Amino acid sequence: MSRSYLRVGLYTVLAGAAAQFMLAPAVAQVSDEVVDSISTPDQVETSIGTLEFFDGIPTRETAALLYDNLDLLRGVETFLSGIPATSLEGIRLGHVSLDAENSNQAVIFDELMDSKPLFLTGNTDTVYLSVILDLEKDGPTVIEVPPNTGPGTVNDAYFRFVIDTGSAGPDRGKGGKYLILPPDYEGAIPDGYFTAKSTSYVNWLILRGFLVDGKPDFSSNLFRSGLKVYSLAKAENPPKMEFVNGSRKSFNTIHANNYEFFEELHTVIDREPIEMLDPELRGLFASIGIQKGKPFAPDKRMKKILTDAVAVGNGTARALLWHERNEAEFLAEGSHWKKGFVGDSWEYLRDEGMGGRHLDARTHFYYFATVNTPAMAMKLIGAGSQYAWGYLDSEGNALDGGKAYTLNLPKDPPAEAFMSVVVYDPQTRSELQTSQPFPSKNNVRDKETLVYNDDGSFDLYFGPTAPAGKEGNWIQTVPGKGWFSLLRLYSPTEAWYEREWLPGEFELVK
């Protein structure tokens, strides 16, 4: 039999089988349970309303409802994931408001950071110096850090760690020259620098100087006489440093919590190189219209949705702060002090990366704090800093500015440099504004006025008025307002990491 005959016969058989299949009624080949699990009923009740379908096809009204919900979800996620970028942008805008836009223009807190500026959980205990770098304009930029400075850090425009300076950096407090390279730099790297390459053009340099004899003068003079920031291209003739004193000045460095948030985020995305963020984050932001090289111009429908999204996102961030779901994030069993870094990772990784990015931990941190460095999260005996967040009393209730509380801090605090407690406003997450310019107590700065107990511990008092005879241990609060606090330990000792020393609880005075 020839091959051509076989081929014709085979085609005839196949064609006949196909005809029989087409004429036969459809027969389910899987169980009813499987069919039900993959099918969509004609009507589904959900949290966003009733969804209606024709044989799995959404009606026009249902499709419109679902698109609105999708845009809302992505708007909320954009808020929660965009906070690192808008927070650093808020700091840049704060510098602009003080006419400190260039890298040779530094904002310095000569008399410490008081409660006038709005600055996320700033401290009253070190001399801050702050500079915004613009690597797109200046190219590779040199930072000359003088010796004897405290921990300093450079962060990129998404608030990611670039390099440490000072006592926690590679110069180990001896001073040195740092070179920060732009993300697109491909030239030769000169010797003699501690070098790091950023992922963004805008970067934030934040330095801290320690108090000497309880005063800021030493570090203020140290920065003013020894710090230099300039373009590498101008190394032979760098511009003179200019210093703007930020103490006692009112200005804002905090991102918006309304629709303006998205405009702030668009500014960052449009300015920075595309590679600053991975495609996943870029895709999230682009899904609501925030994309590099394109205007952010949502229509009336979308603007209404995004206004709602930022309200939900803002509320969600505050829920993460004040209503912790994971008991492991507190310092110890029975303690209401929460760790400074939820998840114990400055990279915000869950289970050392096995769980990927800890998204809630990242939102939690950047909504109420600034500066990202391993020195604030890793175990560094006698270096860096550690933190605990106190926002509940011993019964687990939020702290009320109209009530009186006490806090016992045991003797021998585990901090070689200092320990402090600073009180903050829950609305602004900045220092609480009262008649006290510094709403805080520091065991070194305030050692002459603090009254100690016989066992070496001391009690702090919080409330609208000072208890008689306890004025030196009192931090004022405001009736009708809440408050929270940060416990800071600079140059922490082993006792902190082993939890051999723990702060007391905020006890309501009844």
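Filtering segment 268-277 to residues that are over 18 Å from the mean Cα position of the chain (by Cα) and under 17 Å from residue 79 (Cα atoms) leaves only 270.
For first residues located in segment 49-76 and at pLDDT 95 or above and surrounded by 16 or more Cβ atoms within 10 Å (Cβ to Cβ), partners that are assigned to a strand (DSSP E or B) and acidic (Asp, Glu) and lie 6+ apart or on another chain with Cβ distances below 9 Å form the pairs 51/45; 58/52; 62/52.
Here is a check on your reading of the model: is residue 450 surrounded by fewer than 20 Cβ atoms within 10 Å (Cβ to Cβ), within 27 Å of residue 127 (Cα to Cα) and in contact with a Gly (Cβ under 7 Å, 6 or more places away or on another chain)? In short, yes.
If you go through segment 413-429 and keep only what is surrounded by fewer than 22 Cβ atoms within 10 Å (Cβ to Cβ) and over 15 Å from residue 490 (Cβ atoms), you end up with 425, 426, 427, 428, 429.
Across segment 86-106, the number of residues qualifying as touching a Leu at 6+ places or on another chain (Cβ under 6 Å) and either aromatic (Phe, Trp, Tyr) or not in a loop (DSSP other than H, G, I, E, B) (or both) comes to 2. Residue count for segment 395-448 satisfying the condition of being farther than 27 Å from residue 246 by Cβ, in contact with a Pro (Cβ under 7 Å, 6 or more places away or on another chain) and without any contact (Cβ under 8 Å) to a residue 60 or more places away in the chain: 0.
Among the residues of this structure, residue 510 does not count as one that is surrounded by fewer than 14 Cβ atoms within 10 Å (Cβ to Cβ) and in contact with a Phe, Trp or Tyr (Cβ under 9 Å, 6 or more places away or on another chain). The residue list 97, 87 contains one member that is in contact (Cβ under 8 Å) with a residue 60 or more places away in the chain, closer than 30 Å to residue 131 by Cα, out of contact with any helix residue (DSSP H, G or I) (no Cβ under 9 Å at 6 or more places or on another chain) and not aromatic (Phe, Trp, Tyr), which is 97.
Just one of the listed residues (127, 107, 131) is aliphatic (A, V, I, L, M), in contact with a strand residue (DSSP E or B) (Cβ under 8 Å, 6 or more places away or on another chain) and farther than 25 Å from residue 367 by Cβ, and it is 127. No other residue among 343, 334, 353 is in contact with a helix residue (DSSP H, G or I) (Cβ under 7 Å, 6 or more places away or on another chain) and in the same structural domain as residue 429 (by TED's automatic domain parsing) apart from 343. Restricting attention to segment 331-353, the residues being touching an Asp or Glu at 6+ places or on another chain (Cβ under 7 Å) and either of a type in the set (Phe, Trp, Tyr) or without any contact (Cβ under 8 Å) to a residue 40 or more places away in the chain (or both) number 1. Being crowded, with 18+ Cβ neighbours inside 10 Å and either closer than 21 Å to residue 481 by Cβ or touching a strand residue (DSSP E or B) at 6+ places or on another chain (Cβ under 9 Å) (or both) is a description that does not apply to residue 394.
Restricting attention to segment 240-266, the residues that are more than 18 Å from the chain's Cα centre (by Cα) and among the β-branched types (Val, Ile, Thr) add up to 1.
The values are calculated or read from the model by the stated rules, or taken from the named source; none is laboratory data. Just so we're clear, the structure is a prediction, and the values are computed from it rather than from any experiment. All Cβ positions, glycine included, derive from the backbone under ideal geometry; neighbour counts span all protein chains shown.
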